[in-house]
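Here the structure comes first, spelled out in structure tokens, and everything after it is commentary.
The values are calculated or read from the model by the stated rules, or taken from the named source; none is laboratory data. Just so you know, these numbers come straight off a predicted model, no measurement behind them. So basically every Cβ, Gly included, is an ideal-geometry build from the backbone, and we count neighbours across all protein chains shown. SASA here: full protein model, heavy atoms, side chains in, ligands and nucleic acids out. Shrake-Rupley method; radii C 1.70, N 1.55, O 1.52, S 1.80 Å.
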Amino acid sequence: MGKISQGGKGLTMHTPVLLQKTIDELKVKAGGRYIDATAGEGGHLTEILKKGGIVLGIDWDRKQIEDLKSRLKDQPNLTLVAGNFAQIEEISQREGFVPADGILFDLGLSYKQITTSGRGFSYKNLDESLDMRLDPTKEEKASDIVNTLSSDNLYEILAKYSEELSSKALADALVLARQSRRIETVGDLVRVIDSVIGRKEERVYARVFQALRIAVNDEFENLKKGLEEGLRIIKEEGRIVVITFHSLEDRIVKRFARERNLVSSLVKPKYTAKAFERSAKLRVINKQRKS
Ligand SMILES: C[S@@+](CC[C@H](N)C(=O)[O-])C[C@H]1O[C@@H](n2cnc3c(N)ncnc32)[C@H](O)[C@@H]1O
């Protein structure tokens with residue numbers, strides 16, 4: 001994630017996470033071709049451009065790409081494409097970025113998306129519709145999930161992605177609540193959570209909202225495909241850098257490298273003053289295999 005956490009933690013603008021460390025690990029060289037698979041608000045890719053890299057920026061959220069296009073329109077070394085990084089191979093082939101020198105995945109959402117997109121990503125925006133789709137052409141919204149899935153399936157999503165202890169009670173409460181009225185807004189969902197927890201608990205809201213967002217956008221499946229395709233399109237000496245905030249995402253990245261016997265490392269910045277960065281994990285995967 002490049003980001004703000006749902007908890008807020010005092011961050012008032014989007015700040016690319018672990019910016020310098022990420023750029024160092026990508027080993028950006030002038031004239032090299034880099035794919036920022038999660039262009040977001042352009043923090044990381046701007047830095048790559050400054051170092052002379054040629055950048056393909058991809059984002060599944062069309063609005064992010066439109067904003068970047070209007071803000072960075074005079075950048076000759078930047079190509080911007082709206083798309084899912086699960087199709088990174090096709091997109092990069094089409095745009096002439098294969099083989100690439102490096103790929104960055106900075107997972108999650110940007111601050112602007114959470115706070116102003118109007119799509120119900122934050123538990124703080126009570127009146128927003130419970131949508132959570134990064135791509136509005138996708139069929140299923142978060143509200144469809146909470147209003148149609150069985151209690152068992154809701155439990156599975158909540159337990160797996162939020163690791164929240166009250167997942168069973170929450171799933172049952174959602175099924176009960178929707179019998180009297182559809183759960184349509186952020187506020188509707190927050191009220192159901194309150195009824196189960198018995199108090200206002202931001203940590204629980206954050207986990208439940210994150211779990212639904214992961215389910216709506218197939219985030220873990222996209223990551224697996226993105227890594228798989230990404231590995232195919234980088235040069236032999238190329239690197240994939242992944243920033244995660246969710247332990248299960250990090251596990252996917254770690255397992256991906258281990259199963260393929262790839263050289264990989266977890267990069268721990270010695271010190272970061274920014275509290276939100278302390279929960280970020282930055283992993284580097286080399287195409288090279290362990291000997
Ligand atoms: C944390 S932000 C990236 C911030 C960016 N590094 C910066 O410096 O501004 C993550 C971005 O990834 C995008 N994203 C999430 N899933 C995606 C996917 N499957 N394909 C492409 N973009 C995705 C989100 O829309 C969001 O803009």
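Quick notes on this one:
- For the chain, dividing the convex hull volume of the Cα atoms by the residue count gives 130 Å³ per residue.
- Only helices enter this figure: runs of n ≥ 4 DSSP H residues, each worth -39500 (n - 2.57), summed and divided by the residues of the chain, yield -13000 deg cm²/dmol at 222 nm to the nearest 500.
- The separation of the stretch 45-98 from the stretch 141-210, counted between C-alpha centres, amounts to 36 Å.
- Gain upon complete extension [R62, S265; 0.36 nm per residue less C-alpha separation]: 69.9 nm
- With q set to 0.16, 0.19 Å⁻¹, the log10 of I(q)/I(0) for the stretch 73-170, from the Debye formula over equal scatterers at the Cα positions, is -0.93, -1.11.
- Surface composition of the stretch 18-60: carbon plus sulfur atoms contribute 50% of the solvent-accessible area (1.4 Å probe, protein chains only, all chains present).
- In the assembled protein chains, E236 presents an accessible area of approximately 130 Å² (probe radius 1.4 Å).
- Dividing the C-alpha radius of gyration of the stretch 93-133 by 2.2 N^0.38 Å, with N its residue count, gives 1.76.
- Segment D74-E156, extension gain: residue separation times 0.36 nm, minus the distance between their alpha carbons: 24.8 nm
- Stretched out straight at 0.36 nm per residue, the stretch from R182 to E201 would grow longer than its current Cα-Cα span by 4.6 nm.
- Unit Cα scatterers, Debye sum, the stretch 10-155: log10 I(q)/I(0) for q = 0.10, 0.20, 0.22 Å⁻¹: -0.40, -1.21, -1.37
- Between the Cα long axis of helix 167-180 and the first principal axis of the chain there is an angle of about 60°, rounded to the nearest 10.
- Per residue accessible area of the stretch 51-153, 1.4 Å probe, in Å²: 45
- Within the accessible area of the stretch 144-291 (1.4 Å probe), percent carbon and sulfur: 48
- Ordering I65, L174, A39 by the projection of their Cα atoms onto the charge dipole of the chain, which places +1 on the Cβ of Lys and Arg and -1 on the Cβ of Asp and Glu, puts A39 at the extreme positive end.
- The largest-to-smallest principal axis extents of the Cα set in the stretch 148-291 are 59, 35, 22 Å.
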